[in-house]
1. Among the residues of segment 205-234, count how many are buried (at least 19 other Cβ atoms within 10 Å of the Cβ) and within 21 Å of residue 348 (Cα to Cα).
2. What are the residues in segment 99-117 that are at pLDDT 95 or above and touching a strand residue (DSSP E or B) at 6+ places or on another chain (Cβ under 7 Å), if any?
3. Taking residue 83 as the residue in question, decide whether it is farther than 29 Å from residue 219 by Cβ and touching an Asp or Glu at 6+ places or on another chain (Cβ under 9 Å).
4. I'd like the residue in segment 116-169 that is surrounded by fewer than 17 Cβ atoms within 10 Å (Cβ to Cβ) and polar (S, T, N, Q) and, out of all such residues, is farthest from residue 320 (Cα to Cα).
5. Quick one: residue 376 ticks every box in (1) hydrophobic (A, V, I, L, M, F, W, C); (2) under 21 Å from residue 122 (Cα atoms); (3) open to solvent by 20 Å² or more (accessible area, probe 1.4 Å) except a single one, so which number is it?
6. Taking residue 256, is it over 12 Å from residue 172 (Cβ atoms), at pLDDT 95 or above, open to solvent by 10 Å² or more (accessible area, probe 1.4 Å) and not in a loop (DSSP other than H, G, I, E, B)?
7. If I filter segment 210-221 for residues that are part of a helix (DSSP H, G or I), among the hydrophobic types (A, V, I, L, M, F, W, C) and in contact with a strand residue (DSSP E or B) (Cβ under 6 Å, 6 or more places away or on another chain), do I get at least one hit?
8. Could you please give the count of residues in segment 254-306 that are more than 30 Å from residue 29 (Cβ to Cβ) and in contact with an Asp or Glu (Cβ under 7 Å, 6 or more places away or on another chain)?
Amino acid sequence: MKRIVILGSTGSIGTQTLDVVRSYKDIEVVGLSAHENITLLEKQIREFRPRIVSVGTESLARELKVRTADLNLRIGWGMDGLLELAQMEESEVLVTAVVGMIGIRPTIDAIRAGKNIALANKETLVTAGHLIMPLAQGCGVKILPVDSEHSAIYQALHGENQREISRLLITASGGPFRGKDRAFLEHVTVQDALKHPNWAMGRKITIDSATLVNKGLEILEARWLFGVDMDQIEVVVQPKSIIHSMVEFLDGAVIAQMGPPDMRLPIQYALFFPERRYLAGERLDFQKLTELTFEVPDTETFQGIPLAMKAARIGGSMLTVFNAANERAVDAFLHEKIRFLDIYALIEEMMAMHKTIEAPKLEEILEVEQETYEAADRWVAHAKGC
């Protein structure tokens with residue numbers, strides 16, 4: 001029996017992870033967390049019977065305790081609750097499906113406790129990869145990527161020598177605004193940006209896909225996961241989301257992982273690695289798949305990739321600024337406080353203001369995060385809005 005904890009069980013990745021769990025009798029959910037959706041969390045608790053759960057605030061914890069008074073359940077809240085879940089003695093794998101830098105400390109504690117990490121939280125490696133990867137190696141812990149692109153690379157590299165990598169080719173759908181210019185983007189709405197052509201994802205990551213910041217984050221994450229230089233990572237637009245990413249080796253061979261756009265596949269691969277199990281769902285029909293097209297990403301219009309690359313070249317705490325500024329910008333856009341193109345402007349401004357710390361410790365990363373949040377909120381407050 002494999003026992004897992006899911007941080008962020010009510011979000012897109014969390015709910016799809018539970019879809020995978022439903023298919024098997026030899027995997028048990030021993031812990032769950034949700035930020036504020038305790039209605040869905042209660043349903044999950046009654047179905048999967050975890051031993052410990054955690055929510056965002058003390059008041060939500062009290063309410064959930066009343067709702068689940070008939071169950072033998074420990075309920076925590078806040079960061080302390082997440083850290084308790086991360087270190088649960090009974091668990092083997094921590095699924096980090098929370099959004100934002102809140103995932104860093106639980107991931108570190110889980111690694112120290114010897115748990116393998118099914119990583120869906122980009123921010124952990126983007127901002128603290130220099131801390132996470134050496135710690136995981138020292139503790140003998142696997143970091144198993146859940147992102148479809150990183151999972152594709154991980155699968156392509158299975159059994160290969162990573163020293164023989166020439167390039168990593170990270171694919172992108174191009175998002176809902178592929179082919180549009182900046183004049184068009186001046187007037188797009190939140191509803192427009194949330195209409196992803198291929199994937200059903202959470203609101204934050206869907207906006208990141210529209211700005212191509214998501215691809216920037218994936219570049220930053222990939223260099224830590226696979227130990228490559230920034231110059232060895234390229235983004236290729238593949239609009240149908242059939243090829244999820246590729247690895248080119250020194251001899252010129254390219255290995256690609258293909259499949260329908262279904263997040264359950266990389267989730268299941270991470271949970272049961274190195275075993276592959278049957279997964280019900282759509283299959284590629286190569287008799288109907290007449291062509292696959294590729295494009296170069298428009299980095300003049302969509303600045304998510306060049307901003308991420310700039311942050312990477314500077315390094316250190318600038319990566320935290322890039323990530324934290326984007327978090328605040330996306331939240332402001334979703335609440336219609338700023339326009340779509342203001343997302344880039346806010347990130348640029350926060351990066352321009354920051355004095356970089358070369359190799360920040362965890363406490364410094366969290367301090368820079370908070371400082372960036374506060375500066376970004378002031379910027380938003382003075383913005384013209386939508």
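The values are calculated or read from the model by the stated rules, or taken from the named source; none is laboratory data. Source: prediction; values computed, not measured. Using ideal geometry, Cβ is built from the backbone for each residue, glycine included, and neighbour counts are taken over all protein chains shown. Note: areas computed on protein heavy atoms with side chains; ligands, DNA, RNA excluded. Shrake-Rupley method; radii C 1.70, N 1.55, O 1.52, S 1.80 Å.
1. 17
2. 106, 107, 110, 111, 115, 116, 117
3. On the way: farther than 29 Å from residue 219 by Cβ: yes; touching an Asp or Glu at 6+ places or on another chain (Cβ under 9 Å): yes.
Spelling it out, residue 83 is indeed farther than 29 Å from residue 219 by Cβ and touching an Asp or Glu at 6+ places or on another chain (Cβ under 9 Å).
4. Result: 161.
5. Of everything listed in (1) hydrophobic (A, V, I, L, M, F, W, C); (2) under 21 Å from residue 122 (Cα atoms); (3) open to solvent by 20 Å² or more (accessible area, probe 1.4 Å), residue 376 misses just condition (3).
6. When the stated conditions are applied, residue 256 passes them.
7. yes
8. Summing the residues that are more than 30 Å from residue 29 (Cβ to Cβ) and in contact with an Asp or Glu (Cβ under 7 Å, 6 or more places away or on another chain) in segment 254-306 gives 2.
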